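J.: One structure is given below, represented as structure tokens, and several questions about it will come after.
The values are calculated or read from the model by the stated rules, or taken from the named source; none is laboratory data. Because the structure is a prediction, the values reported are computed rather than measured. Quick reminder, even Gly has a Cβ in these numbers, built from the backbone with ideal geometry, and neighbours come from all protein chains shown.
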Amino acid sequence: MHRDIQLQNWTAICPVDDIVPDTGVCALVNGEQVAVFRVASGEQRVFAIGNFDPNSGAAVLARGLVGSVGERVVVASPIYKHHFDLETGECLEAPEHSVPRYQARIESGTVWVGA
């Protein structure tokens, strides 16, 4: 089961054009490392999940490969290749190792994350 971080405030991360399509960046939001992804399949979308991979113990999810598993948009961790659903933070191979999910949006060309 995933943990959904409740929206309290929005934090500006960077201009959306600073994130290469179908890749991620790491941002510090309220003291937490957040992996922010820009996905360009059809309409441009952004997602944000915790950057810490509980399967490997490393803060690396922002460097993972973006793709899909069925209908799910995922990132594959660069260490053990576990897949994390970008909409929910769920780890597909080990749901008990899911990561937090944050709200994310694009407004006036800037990526914002809710924290």
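J.: Can you tell me which residue in the stretch 64-93 is nearest to VAL20 (Cα to Cα), limited to those that are assigned to a loop (DSSP other than H, G, I, E, B) and touching a residue at least 40 places away in the same chain (Cβ under 8 Å)? Give the steps one after another, and end with the answer.
T.: Looking only at the stretch 64-93, we keep the residues that are assigned to a loop (DSSP other than H, G, I, E, B), and these are 64, 70-71, 77-82, 86-90, 92-93.
From the residues that got through so far, the ones that are touching a residue at least 40 places away in the same chain (Cβ under 8 Å) too are 64, 86-90.
Numbers: GLY64: 13, LEU86: 16, GLU87: 19, THR88: 22, GLY89: 21, GLU90: 24 Å.
Per the criteria, the residue is GLY64.
J.: For the stretch 33-55, indicate whether the set of residues that are touching a His at 6+ places or on another chain (Cβ under 9 Å), over 25 Å from ALA12 (Cα atoms) and not β-branched (Val, Ile, Thr) is non-empty.
T.: So far as the stretch 33-55 goes, yes, one or more of its residues are touching a His at 6+ places or on another chain (Cβ under 9 Å), over 25 Å from ALA12 (Cα atoms) and not β-branched (Val, Ile, Thr).
J.: When only residues in the stretch 38-54 that are modelled with pLDDT of 95 or more and not in a strand (DSSP E or B) count, which is surrounded by the fewest Cβ atoms within 10 Å (Cβ to Cβ)?
T.: Restricting to residues being modelled with pLDDT of 95 or more and not in a strand (DSSP E or B), the top hit is PRO54.
J.: Please work out which one of (1) modelled with pLDDT under 95; (2) part of a loop (DSSP other than H, G, I, E, B); (3) not basic (Lys, Arg) is the condition PRO21 fails and give its number.
T.: Every listed condition holds for PRO21 apart from (1).
J.: Could you list all residues from the stretch 38-63 that are of a type in the set (Gly, Ala, Ser) and touching a residue at least 40 places away in the same chain (Cβ under 8 Å)? I'd like the intermediate steps shown before the answer.
T.: Here is the first cut: in the stretch 38-63, the residues of a type in the set (Gly, Ala, Ser) are 40-42, 48, 50, 56-59, 62.
Once the filter is applied, which keeps residues that are of a type in the set (Gly, Ala, Ser) and touching a residue at least 40 places away in the same chain (Cβ under 8 Å), the stretch 38-63 yields ALA48, GLY50.
J.: Checking ALA35 against (1) free of Cβ contacts under 8 Å to residues at least 24 places away in the same chain; (2) crowded, with 16+ Cβ neighbours inside 10 Å: exactly one of these is not met. Which one?
T.: Only one criterion in (1) free of Cβ contacts under 8 Å to residues at least 24 places away in the same chain; (2) crowded, with 16+ Cβ neighbours inside 10 Å is unmet by ALA35, namely (1).
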